[in-house]
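Only the coordinates and a few stated rules stand behind these numbers; no lab work does. None of the values given here were measured: they were computed from a predicted structure. FYI the Cβ positions are ideal-geometry reconstructions off the backbone, even for glycines, and counts take in every protein chain you see.
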Number of protein chains: 2
Amino acid sequence: MKVLVTGGHGFLGRRLVGALLERGALTGPDGAEHEIERVVVSDIGSGETLPPADPRVEHRIGDFSAPGAAEALVDPDIGVVFHLAAVVSGEAEQNFDLGMRVNFQGSLRLLDAIRARGACPRLVFASSVAAYGGDMPGIIEDSTILTPQTSYGSQKAAVELLLNDYSRRGFVDGRALRLPTVVVRPGKANAAASSFASAVIREPLEGRAYACPVTGECEVWLLSPRRAVESFLHAANLPAETFGTSRAVALPGMTVTVREMVDTLRASAGDRVAARITFAPDPFIEKIVYGWATRFRPERALAMGFAPDADFPSVVEAFIEDDLGARIVA
Amino acid sequence: MKVLVTGGHGFLGRRLVGALLERGALTGPDGAEHEIERVVVSDIGSGETLPPADPRVEHRIGDFSAPGAAEALVDPDIGVVFHLAAVVSGEAEQNFDLGMRVNFQGSLRLLDAIRARGACPRLVFASSVAAYGGDMPGIIEDSTILTPQTSYGSQKAAVELLLNDYSRRGFVDGRALRLPTVVVRPGKANAAASSFASAVIREPLEGRAYACPVTGECEVWLLSPRRAVESFLHAANLPAETFGTSRAVALPGMTVTVREMVDTLRASAGDRVAARITFAPDPFIEKIVYGWATRFRPERALAMGFAPDADFPSVVEAFIEDDLGARIVA
C-alpha cells in the first residue's frame, strides 16, 4: 500500500514518516492491514532535516496547495493520506491570504483531487484546538460549538465541516483530529502563536535564555509529539463507524500552566537551567493564546482509544531522550 | 444608500425587497439610519414574479456564483448586503457540485469581492437550521456544536465560519441567521427537503390533494415568512457588538408536528380541506428531515431582540391573508 504524508518534512511529519516506516503496516481502505510499500512525502521543502533515507520513501517537493499540485500528488493507489501541511497560526493571522490559500483552499483542492481519483482512501487531517474560541464554557465538551477567533482556527474548522461531508458522501474516508498544542517541539521557534509552550522547555535545556511572551499563569492544553504521532496512526487504523456522525474529534491532552512547566524544568534540570527563563508578555501572542481553550472533557476520543500523556515530567523526559540525545546544557 | 439582495427573486427575497422599499431606510455601516436610494436585486432569474415595480429597484439577472459575477455586483457604495441566494437542501444533496459551487464557493467569492472593494458593508447571511445535525442533545443550545448531516447544511456552516473570520478581520460586517424552516411558502413545491412543511398547509387551502412525504409525528422548527423578513431587517440594524464573538445566531422559532399543522388547518378551513391530505412517507425526504434539529433554546437571539411567531394558527392566517388574498378553496 502507498501512503501520502503532506507536510512530511515538518516536525510532526518527519516523526510520522519515521513511525510509518518502523511499523511497516497500516489499515487500508478495505479495513485490512497492509504492508506499507511506499510513503510519498510532500513538503514545500523548508524543513531542516529530511526523514531517514529509506527506499520506500519518495519525496515530492513543492507547494501542495498550488493549482494542479494535489492532482499530481494523489496517485490512485494511495490507501491512506495524512494531511499535515499548513501555515501555522501566527503566520495565518498575519498573512490572511496565505492562510486561506494553503490551509483552506489547499485542503479543499486535496479533497477534490482525492474525489476525482474515485478510490476513497482514508485521510487523517491535523485539525487544532484553535478551532475552539470565543464564549466557551469552563470545560469544553464534545458537544461544544466551534467559534474560532483566529484565521487559522477558522480555516481548520471549515475544512473539518467539508471533510465530514466529503466522507459522508463516500468521496474520502476522513478523520480530523483537533490536536492540543504539541509540546515539546525541537529546533527553532516558529511563527505559531503557541511556540512559547515548547520554547520555555527547549531553550533553557539547550543553554539559551528565553523571554516568555505570556505570564506564568497562562494555561496550555498540550500533547507530546510521541502521543500526537500515536494518535495519527490510531486514527488511520480505526474503523470509520467509530466516528459516528462526525469525522472530527477533540484529542485528549493535559492542562499545564507555564509556571508548572518552569517548575518541572527546575525539578528535572536544576535552578541554573530554570533561571534562563524571563517573562516579557507580548500582546499579539497573548491575544491569540488567551482565546484558546485549555480545559476539555474529551470523552468521545477516550472511548475511541485515544490517550493523553501520563504527566508533564514524562513529556519533558521524552523530549530530552528523543531530541537532545539525552544531553542537556546544565 | 444602496442595498444588495442576492436571491432577490426568491420567495423570501421578494418579500425582503418589498419590505426594504416600504420602510425606505436601514442602518448603514456607520451605524446611522440612511434612506434606501437603490436596491440592487440579483437573481438567476428563475423566479415567477418580479418584485413590485419601483424606480429604486435595479434587477441584475445572472448567476451570482459565476466567476467575476460577485465583483460586478458589489458596487463600492453598497452599504448593506442580504445574501439569500442558494441552491436548496434537496437539490444540494442530489447535485453536490452545484451546491458546492453556489452555496459555498459563490458565497466565498461574494465575501472576497466585498473585501476587494474595501468598504466593509453590513452583510446578512441566510444560514439554516440544517447546519445542525448528528448526535444532538434533546434541546439545541447556543453553545451546541454544528455537525450537519447534509451537504446544504455543511456548506452553510462552513460559510458561517468564514463570514465570522472575514468580519473579525474587518473585511465585512457579517451577521448569519440560522433560519428555522420557513412556513408557509407560497407557489409551487420546490426541491427543498422541507417543502412538505408548507405544502401540507398550502396545497389543501388551494384546493389540491397533497400526499405528505413524512408522518404526522414529524416535528418541524419553523418561522413564518413575515418573521423571517423582520429578522433579516433586525439583523441588519443591530450594532456589530451585539453579536459578541460569533456573527452567527440560531433564530427563535416554534416546534410544530405535522399532526398539529393538519389540526390547525382543520380548525381554520374545515374537514373537507384537511381531508385533502394523505400520508405517503418518502425515505429520501425522511432521512434528511429526521436529521434536523427541532427543539431549541435560542437565548442569545431572544436577548438580541429576535422573536418567534405568536402561534401556528397566526402563521396560517398570515399565509391566507398575504398569499391567498384572503380566499381559500373550501
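This model, with +1 at the C-beta of Lys and Arg and -1 at the C-beta of Asp and Glu, gives the protein assembly as shown a dipole about its Cα centre of some 300 debye. Count Lys and Arg as plus one, Asp and Glu as minus one, and take only other residues whose Cβ is under 15 Å from that of B:Leu205; the net charge is then 0. Pick from B:Ser42, B:Ser107, B:Ser268 the residue whose mean-square fluctuation is largest in a GNM of chain B, springs joining Cα atoms under 10 Å. Per the Cα network of chain B with a 10 Å cutoff, B:Ser268 tops the list. Legend: mean number of C-beta atoms from other chains within 10 angstrom of residue C-beta atoms, peptide B:149-156, equals 4.
With the label put 7 angstrom out from Cα along the Cα-to-Cβ vector, B:Ala211 ends up 7.6 nm from the copy partners, going from closest to farthest.
Entry note, segment B:152-238: relative contact order of 29 percent, from Cα contacts under 8 Å with a spacing of 6+ residues. With its label point put 7 Å out from Cα toward Cβ, B:Gly45 sits 4.9 nm from the same residue's point in the other copies, in order from shortest. A cut-off of 5 Å between modelled amide H atoms, ignoring neighbours fewer than 5 places along the same chain, links A:Gln149 with A:Gly134. A dipole drawn for chain A from +1 and -1 charges on Cβ atoms has a positive end, and of A:Met304, A:Val172, A:Met136 the residue lying farthest that way is A:Val172.
Within 10 Å of each candidate Cβ there may be at most 12 other Cβ atoms; applying that plus a DSSP loop requirement, which trypsin sites (Lys or Arg not before Pro) in segment B:257-330 survive?
Listed in order of number, the matching sites are B:Arg327.
Each Lys or Arg adds one and each Asp or Glu takes one away; over the other residues whose Cβ falls under 11 Å from the Cβ of A:Ala130, this sums to +1.
Between A:Val81 and A:Leu4, A:Arg122, A:Leu123, A:Val124, the built amide H atoms are under 5 Å apart, and every one of these is 5 or more places off in sequence or on another chain. Between B:Ala53, B:Ala113, B:Ala274, the Gaussian network model of chain B with springs among Cα atoms under 10 angstrom shows the greatest mean-square fluctuation at B:Ala53.
So between A:Ala116 and A:Ile139, what do we pick up on full extension, going 0.36 nm a residue minus the alpha carbon distance?
4.2 nm
Measuring nothing but how far apart in sequence close Cα pairs (under 8 Å, 6+ apart) lie, relative to its length, segment A:211-287 scores a relative contact order of 60 percent. So if we plug the beta-carbon distance of B:Arg60 and B:Ala19 into 1/(1 + (r/R0)^6) with R0 = 22 Å, what FRET efficiency do we get, rounded to 0.05? Result of the calculation: an efficiency of 0.65.
Between A:Thr242 and A:Glu35, the FRET efficiency estimated from the beta carbon spacing at R0 = 25 angstrom works out to 0.60. Between segment A:265-330 and segment A:66-102, the alpha-carbon centres lie 27 Å apart.
Across segment B:53-63, rounded Karplus estimates of 3J(HN,Hα) from the backbone phi angles (6.51 cos²θ - 1.76 cosθ + 1.60, θ = phi - 60°) give 4, 7, x, 7, 8, 10, 7, 10, 8, x, 7 Hz, Gly and Pro being marked x.
Restricting to segment B:175-328, compute how many DSSP beta bridges are antiparallel as a %, nearest 5.
Antiparallel bridges: around 35 percent, rounded to the nearest 5.
Considering only A:Leu111, A:Leu233, B:Ala211, and ranking their Cα positions along the charge dipole of the protein assembly as shown that arises from unit charges at the beta-carbon of Lys, Arg, Asp and Glu, the one farthest toward the positive end is A:Leu111. What's the local net charge at A:Ile320, with K and R +1, D and E -1, over the other residues with C-beta under 13 Å away? Here the charged neighbours net out to -2.
Report, in debye and to the nearest 20, how large the dipole of chain A comes out about its Cα centre when Lys and Arg carry +1 and Asp and Glu carry -1 on their Cβ.
About 180 debye.
Take A:Thr242, push a point 7 Å out from Cα through the beta-carbon direction, and compare it with the same point in every other copy: 4.6 nm, smallest first. Distant-in-sequence amide contacts of B:Cys212, defined by a placed amide H-H separation under 5 Å and a gap of 5 or more residues or a different chain, comprise B:Thr278, B:Phe279, B:Ala280. Take each residue in B:137-146, count the other chain C-beta atoms within 10 Å of its C-beta, and the mean is 4. Our note on the geometry: Cα centres of segment A:154-204 and segment B:155-176, 21 Å apart. In a DSSP loop and with at most 14 other Cβ atoms within 10 Å, the trypsin sites (Lys or Arg not before Pro) in segment B:83-181 are B:Arg169.
Here's the picture: a label point sits 7 Å out from the Cα of A:Glu317 along the beta-carbon direction, and within segment A:224-248 the residues with their amide nitrogen under 16 Å of it are A:224-227.
The dipole here belongs to segment A:254-317: it is taken about the Cα centre, uses +1 on the Cβ of Lys and Arg and -1 on the Cβ of Asp and Glu, and is about 140 debye. This ranking places A:Glu260, A:Glu217 by how few other beta-carbon atoms lie within 10 Å of each, fewest first, which gives A:Glu217, A:Glu260.
Among the GluC sites (Glu not before Pro) within segment B:1-107, which fall in a DSSP loop and have no more than 11 other Cβ atoms within 10 Å of their own Cβ? Loop-located and lightly packed - B:Glu48.
Please list the helices of chain B that count as membrane-span-like by this rule: a mean Kyte-Doolittle hydropathy of at least -1.0 together with Cα atoms stretching 24 Å or more along the helix axis, each helix being a complete DSSP H run.
Qualifying helices, which must be both long enough and hydrophobic enough, are B:151-168.
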